[in-house]
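The values are calculated or read from the model by the stated rules, or taken from the named source; none is laboratory data. Source: prediction; values computed, not measured. Neighbour counts run over all protein chains shown; Cβ positions are idealised from the backbone, glycine included.
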């Protein structure tokens, strides 16, 4: 059995965001075929009693580094005034790189997988003969452009240089692309890309009985999702209410700004945190993904497919997902057209059933374990 090293900035459990879903899913499937070690780039107080610990043969965590409050504040000020690039030492300090180099010198690995380009400074310490793999997770410069369009580009200013990001990807033996769109973009820019989406197994919920008029946005945090919530509440929901006055929008994991803006809205409900996302979908009749900006893979779309919940997409939400056979009759981000699809789906159980069945079929066809990870396991064999 070959030995692999996964280098990650975050521990992948519990899975409460798209990044940890991706890393955790990749770890689970690789551990079935190889001996998997995990190196974390931040200190953990406890590496023995972590959720998911049984998956890894070893957990190495960066040593604790104490920093004064004054120095920490100074670093934040400098970062704001002079934004570093993604490959700057602020994202992977010399001490952590040295610790990783020591591990790689002691043990031989078939491959070393870096989770996201934030870990670019680790690439030079990976020895010759070890496959250098980067899991891009997103096209970060494109995500930066989306943030910039929403007025918060400074949050991803470290990815403002597109060529710098691509040059790093070209230095790897393989780059994992989470969506077809990303895969094609990387190939067009001479990156040795391997299409490796997230795997999902169908686990459909029973039909809600009696049916209601409840919509779900499965995440209300992050700039893209917050923009989607505001677009839906401001531009789409009033049009839906003309036809279905008792429609309600349920928002999972709302950002504080979303809670502040819509706390008094009669048609908006905030859902408390659920340990399992399946519980969110059980409470609604229809999921919606009214995204206008996006990047990577919309994992919440695949979740809805997996749980047998009809979901309505915009072109941005469908990006990178082969939705040609999905039963949604009109995929649009125009408010009146999107509202029309919501009204139709809430009123017509046959349409909801068609959305459910076509979503499940798409999931089985494109996102099964072998389809998602077969090409990568061949490379690692």
Original post:
If you scan region 341-370, which residues turn out to be without any contact (Cβ under 8 Å) to a residue 24 or more places away in the chain and surrounded by 15 or more Cβ atoms within 10 Å (Cβ to Cβ)?
Top reply: 344
Original post:
Is there a residue being touching a strand residue (DSSP E or B) at 6+ places or on another chain (Cβ under 6 Å), in contact (Cβ under 8 Å) with a residue 40 or more places away in the chain, part of a loop (DSSP other than H, G, I, E, B) and in the same structural domain as residue 37 (by TED's automatic domain parsing) anywhere in region 148-164?
Top reply: no
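Can you confirm whether residue 233 is modelled with pLDDT of 95 or more and either outside the structural domain of residue 148 (by TED's automatic domain parsing) or part of a loop (DSSP other than H, G, I, E, B) (or both)? Walk me through it before giving the result.
On the way: modelled with pLDDT of 95 or more: yes; either outside the structural domain of residue 148 (by TED's automatic domain parsing) or part of a loop (DSSP other than H, G, I, E, B) (or both): yes.
Spelling it out, residue 233 is indeed modelled with pLDDT of 95 or more and either outside the structural domain of residue 148 (by TED's automatic domain parsing) or part of a loop (DSSP other than H, G, I, E, B) (or both).
Of all residues being free of Cβ contacts under 8 Å to residues at least 60 places away in the same chain and either in the same structural domain as residue 280 (by TED's automatic domain parsing) or closer than 21 Å to residue 220 by Cα (or both) in region 17-34, which is surrounded by the most Cβ atoms within 10 Å (Cβ to Cβ)? Just the residue, please. Don't jump to the end; show me each part of the working.
Step one: filter region 17-34 for residues free of Cβ contacts under 8 Å to residues at least 60 places away in the same chain, giving 17, 20, 24, 27-28, 31-32.
Checking which are either in the same structural domain as residue 280 (by TED's automatic domain parsing) or closer than 21 Å to residue 220 by Cα (or both) leaves us with 17, 20.
Values: 17: 14, 20: 17.
Restricting to residues being free of Cβ contacts under 8 Å to residues at least 60 places away in the same chain and either in the same structural domain as residue 280 (by TED's automatic domain parsing) or closer than 21 Å to residue 220 by Cα (or both), the top hit is 20.
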Original post:
Which of the residues belonging to region 121-141 are in a helix (DSSP H, G or I) and either in contact (Cβ under 8 Å) with a residue 40 or more places away in the chain or farther than 19 Å from residue 39 by Cβ (or both)?
Top reply: 122, 123, 140, 141
**OP:** Return the only residue of 282, 345, 327, 339 being in contact with a strand residue (DSSP E or B) (Cβ under 7 Å, 6 or more places away or on another chain) and either in the same structural domain as residue 231 (by TED's automatic domain parsing) or under 26 Å from residue 208 (Cβ atoms) (or both).
**Re:** 345
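Give the residue, chosen from 181, 144, 169, that is buried (at least 21 other Cβ atoms within 10 Å of the Cβ), at pLDDT below 95 and either more than 18 Å from the chain's Cα centre (by Cα) or not in a strand (DSSP E or B) (or both). Lay out the reasoning, then the answer.
Values: 181 fails: buried (at least 21 other Cβ atoms within 10 Å of the Cβ); 169 fails: at pLDDT below 95.
That would be 144, the only listed residue that is buried (at least 21 other Cβ atoms within 10 Å of the Cβ), at pLDDT below 95 and either more than 18 Å from the chain's Cα centre (by Cα) or not in a strand (DSSP E or B) (or both).
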**OP:** Looking for whichever is farther than 26 Å from residue 358 by Cβ and assigned by TED's automatic domain parsing to the domain that holds residue 126 here; the options are 179, 171, 221. Which one fits?
**Re:** 171
Original post:
residue 190: closer than 24 Å to residue 374 by Cα, surrounded by fewer than 19 Cβ atoms within 10 Å (Cβ to Cβ) and at pLDDT 95 or above, yes or no?
Top reply: yes
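Counting residues that are within 23 Å of the chain's Cα centre (by Cα) and within 17 Å of residue 232 (Cα to Cα), which helices (runs of 4 or more DSSP H) fully inside region 253-370 reach at least 1? I'd like the intermediate steps shown before the answer.
Working: elements: 256-262, 278-281, 299-306, 315-318, 335-347, 349-366.
Of the helices (runs of 4 or more DSSP H) lying wholly inside region 253-370, those with at least 1 residues that are within 23 Å of the chain's Cα centre (by Cα) and within 17 Å of residue 232 (Cα to Cα) span 256-262, 299-306, 315-318.
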Subject >> Given (1) at pLDDT 95 or above; (2) in contact with a helix residue (DSSP H, G or I) (Cβ under 7 Å, 6 or more places away or on another chain); (3) closer than 25 Å to residue 12 by Cβ, index of the condition residue 162 fails >> reply: (3)
**OP:** Working only within region 89-120, note down all residues that are assigned to a helix (DSSP H, G or I), crowded, with 22+ Cβ neighbours inside 10 Å and in contact with a helix residue (DSSP H, G or I) (Cβ under 7 Å, 6 or more places away or on another chain).
**Re:** 100, 117, 120
**OP:** Pull up region 227-246, narrow it to residues that are buried (at least 20 other Cβ atoms within 10 Å of the Cβ) and in contact with a helix residue (DSSP H, G or I) (Cβ under 7 Å, 6 or more places away or on another chain), then point me to the one that is nearest to residue 340 (Cα to Cα).
**Re:** 240
Original post:
Can you name every residue in region 238-252 that is closer than 23 Å to residue 334 by Cβ and not in a strand (DSSP E or B)?
Top reply: 238, 239, 240, 241, 242, 243, 244, 245, 247
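Among the residues of region 195-218, are any in a helix (DSSP H, G or I), at pLDDT 90 or above and under 22 Å from residue 144 (Cα atoms)? Steps first, please.
As a first pass, look at region 195-218 and keep what is in a helix (DSSP H, G or I): none.
No; the residues of region 195-218 include none that is in a helix (DSSP H, G or I), at pLDDT 90 or above and under 22 Å from residue 144 (Cα atoms).
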